[in-house]
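Engineer: I have a structure here, written as structure tokens, and I will follow up with some questions on it.
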Amino acid sequence: MRWSNRVLAKEIHRKHDDFADYFVCDHCHGEAKLKGIKQITGLLGGATPLHTAPGEWAVPLWDEALQKPGNADIDRLLIRKGGVARYDLAVNAVINTLKGDASRPLKWCKKIPVFIESGLTLPPGVLAMLKDTFKEIHQEDSNHAANH
């Protein structure tokens, strides 16, 4: 089910104090408290988990081991160093998945800014894909991008 039309998640079957408090992410199957989430960050890459700011939830959009993209209603995309062997393959797969979701408006991706972690240099073809698909591209350090 889509929780508040924002996050791809489903309610886990057990007793709660508040029905809206506990959901399971359809991508990572991890439990997350989703109440109060104001921003969803889609992650591509990064060897370590991202520590998010209050009101933010990070959703991995690429599984390197399975070479498989994830899907979520994101507010921004953060591309991090490490954890991805071929950014061209990962970015292309994530773009196709996000754009291919028929439940979203056609130009939905054009509202999403992309943040690229400082020190990560993407090939020109990958940058062109990102510029053609998303709102704007920002190159900055991960701490600043994580708190946007």
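Any read-out appearing in this document is the output of simple, stated calculations on the displayed coordinates, not a laboratory observation. Here the structure is a predicted model, which means the values were calculated and not measured. With ideal geometry, Cβ positions are generated from the backbone for all residues, glycine too; neighbour counts draw on all protein chains shown.
Engineer: Which of K81/K107; K68/K111; K110/K131; K81/K111 have a Cα-Cα distance over 18 Å?
Structural biologist: Violating the 18 Å Cα-Cα cut-off are K81/K107; K68/K111; K81/K111.
Engineer: Give the average over all directions of the projected area of the C-alpha convex hull of the range 37-146, one decimal, in nm².
Structural biologist: 6.4
Engineer: I need the phi-derived Karplus couplings for the range 37-47: 6.51 cos²θ - 1.76 cosθ + 1.60, θ = phi - 60°, integer Hz, Gly and Pro marked x.
Structural biologist: For the range 37-47, the Karplus curve yields 6, 10, 9, 10, 9, x, 9, 10, x, x, 7 Hz.
Engineer: Related question: Can you compute the modelled spin-label distance between A128 and D63, with each label point 7 Å from Cα toward Cβ, in nm?
Structural biologist: In this crude label model, A128 to D63 measures out at 3.1 nm.
Engineer: Here is a follow-up. Per-residue counts of other Cβ atoms within 10 Å, averaged by peptide: what ranking do you get for 97-107, 72-82, highest first?
Structural biologist: Ranking the peptides 97-107, 72-82 by packing returns 72-82, 97-107.
Engineer: 5 Å is the cut-off here: which amide hydrogens, built 1.01 Å from N in the peptide plane, fall below it relative to H138, excluding neighbours closer than 5 in sequence?
Structural biologist: For H138, whose amide H was placed from the backbone, the distant partners under 5 Å are V114, F115, I116.
Engineer: In percent, how large is the relative contact order of the range 37-146, given Cα pairs closer than 8 Å and 6 or more residues apart?
Structural biologist: Once divided by the residue count of the range 37-146, the mean separation gives 26 percent.
Engineer: Moving on. Run the simple label-point estimate for R104 and A47 please: 7 Å along Cα→C-beta, distance reported in nm.
Structural biologist: Placing both labels 7 Å beyond Cα along the Cβ direction yields 3.0 nm.
Engineer: Only Lys, Arg, Asp and Glu count, each charged at its Cβ (+1, +1, -1, -1), so figure out the dipole size of the range 37-146 about its Cα centre, rounded to 20 debye.
Structural biologist: 300
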